[in-house]
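Read-outs throughout are calculated quantities, based only on the coordinates presented, and are distinct from any laboratory measurement. Predicted, not measured: the structure shown is a model, and the values here were computed from it. When we count neighbours, we look across all protein chains shown, and the Cβ atoms used for this are built from the backbone with ideal geometry, even at glycine.
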């Protein structure tokens, strides 16, 4: 959970919960994430069967980083019960990783997970440092 306080003369200070974001890096992690009751502030699912807009991905990376980091997973239905549908989006993950770095100036890990149901892409976004850290 994210708490925000505006304090006079101190500016904007954010306090985040101590919960670690769920990182989807392996098929096992993916299966665990599929069991979540809902998307969280740390995991975002997108069906993206054929393509996904790069600018939209950049926006989600920024938002997720501001929430402490986590994973954006393409190739999985947004609604429960979630199913792997596979994705053809970003067929050159290394090129996408470079493009994200050029736009955001921080490294986003891109992991390709091959399952029997189809190809899934996970973008692992680190949390942005809090002010004063």
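The ranking of 105, 42 by Cβ neighbour count inside 10 Å, starting from the fewest, reads 105, 42. Exposure proxy for 94, 37: other Cβ atoms within 10 Å of each Cβ, ordered fewest to most, give 37, 94. From the Cα gyration tensor of region 9-126, with a ≥ b ≥ c the square roots of its eigenvalues, which class applies: rounded if a/c is under 1.5, or else prolate if a/b is larger than b/c, or else oblate? Judged from the Cα gyration tensor, region 9-126 comes out oblate (a/c at least 1.5, b/c at or above a/b).
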